[in-house]
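As C-alpha cells, the structure follows; a few thoughts come after it.
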Amino acid sequence: MKTDVVDNGDHFTITADLPGFDKKDISIALSDGVLTVSAHHEGNEDRKDEKTGKYLRRERTEASYERSFEVGREVKPEEITAKYENGVLSLNVPNKTAAAKKDETRKIEIH
C-alpha cells in the first residue's frame, strides 16, 4: 500500500491508499509501540449466460496488505484517530517523543 507519513510536530499524519477496500476489510492494531495497518479483501464476480449457463467472464481477486509503524510505547489506542474515505485511510497519531523533548529542561553551562 502506498503510504505517506507527515510529521506535524505534535502528531503524525499517516495516509494510506487502499482502493477497493471496505471499512470492514481494514484492521488497525497497536501493540508494544508498533501500529499495524492491515487490509484483506476477497472478491468474486461471476456472470453466467442465461441460455447456456456457461461463464462469460469469471474474475476472482484477492488482495492483502500490511504495514507497521513504530510510534512509541507511550501512545495509547484511544489517542489515535482514523478515517477512511474514498479509498484513503488517514490516521492521526500523537508524537509523544516531540512532547517529551519539548518539556525537557536543559542545563546551560557557564564557561
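Observations, loosely collected:
- In a residue-by-residue description of segment 39-61, the property of being assigned to a strand (DSSP E or B) and at pLDDT 90 or above applies to at least one position.
- Contacts under 7 angstrom Cβ, first residue in segment 28-43 being under 16 Å from G87 (Cα atoms), partner open to solvent by 50 Å² or more (accessible area, probe 1.4 Å) and among the hydrophobic types (A, V, I, L, M, F, W, C), 6 or more apart: I28/A82; V37/I28
The values are calculated or read from the model by the stated rules, or taken from the named source; none is laboratory data. Model, not experiment: these values are computed from the prediction. Heads up, the Cβs are rebuilt from the backbone with ideal geometry, glycines too, and the neighbour counts pull from every protein chain shown. Just the protein is used for accessible areas: all its heavy atoms, side chains included, with ligands, DNA and RNA removed. Shrake-Rupley method; radii C 1.70, N 1.55, O 1.52, S 1.80 Å.
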